[in-house]
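To start, the structure under review is shown below, and the notes come after it.
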């Protein structure tokens, strides 16, 4: 890829994990033309590495507006009974047909131009429900101590529900939805149903030693923010800031600045 594409685009607009590639382009006509060329090159690189690409699983997310964009997409796409496809020419072969979709799941997170946060929350809860269904007999067993069953639920079900959510711009409705579902799981495990025991959700979480989802997500979001701040500082030091004297910012002040920014985000999140 580095032999045919700019290093800047590879660093900023691509994500590569094992044999999964996430590629991004801006919505300008020259960029769209370059997109076709880059897709062709990606398929050639993967084929040269001996990988067999499933074209139907290679999906395309699109958001565009304007007359020129509409005209370009009309020219380069085709519709069948299975949906709409982007046509990618191949030398001496049939055109590739890449499905255009409204959303796709990548590394456990739903990508979409329309409310990706809600779609991801629902996807993670579905994954958690599937994990819970597999373990239901054990989680509700009377022979296993409650503490062990809760630990199993935290390790397998709760972790599946909260995976990756700290990276999203969650709103209060999302956190409320997550909390309701997870507390319902715990009530069933502990046999503490609200209409019978009158035990409040926070009291149940405290009794079982399970952290409330909100502070858990906030803490992980702060850690993610600090990692990004550190990565950005290193990147700036390697590039634009290298010829200049280094900024003398103590670790404590640097962490305080990041925490202040995170608190602003958190305050907006919880309103």
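The values are calculated or read from the model by the stated rules, or taken from the named source; none is laboratory data. Please read these numbers as outputs of a predicted model, since none were measured by experiment. Because the Cβ atoms are built from the backbone with ideal geometry, glycine has one as well, and the counts that use them run over all protein chains shown.
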Query - Any hit, the stretch 162-170, residues being touching a helix residue (DSSP H, G or I) at 6+ places or on another chain (Cβ under 8 Å), in a helix (DSSP H, G or I) and without any contact (Cβ under 8 Å) to a residue 40 or more places away in the chain - result: no
Query - Residue ID - farthest from residue 36 (Cα to Cα), chosen from residues in the stretch 57-84 that are within 24 Å of the chain's Cα centre (by Cα) and surrounded by 11 or more Cβ atoms within 10 Å (Cβ to Cβ) - result: 64
Requested in this report: Would you confirm whether any residue within the stretch 138-151 is at pLDDT 90 or above, within 24 Å of residue 219 (Cα to Cα) and not assigned by TED's automatic domain parsing to the domain that holds residue 86?
Outcome: yes
Query raised in the report: Looking at the stretch 103-128, which of the residues that are over 20 Å from residue 171 (Cα atoms) and without any contact (Cβ under 8 Å) to a residue 40 or more places away in the chain is nearest to the chain's Cα centre (by Cα)?
Result: 105
Query raised in the report: Any residue in the stretch 61-80 that is at pLDDT 75 or above, touching a strand residue (DSSP E or B) at 6+ places or on another chain (Cβ under 9 Å) and under 30 Å from residue 166 (Cβ atoms)?
Result: yes
Report task. Taking residue 144 as the residue in question, decide whether it is assigned to a loop (DSSP other than H, G, I, E, B) and in contact with a helix residue (DSSP H, G or I) (Cβ under 9 Å, 6 or more places away or on another chain). Result -> yes
Query raised in the report: Could we say that residue 203 is more than 17 Å from residue 149 (Cβ to Cβ), modelled with pLDDT of 80 or more, surrounded by fewer than 18 Cβ atoms within 10 Å (Cβ to Cβ) and in the same structural domain as residue 154 (by TED's automatic domain parsing) here?
Result: yes
Query raised in the report: With respect to residue 123, is the statement that it is in contact with a strand residue (DSSP E or B) (Cβ under 8 Å, 6 or more places away or on another chain) and modelled with pLDDT of 95 or more true?
Result: yes
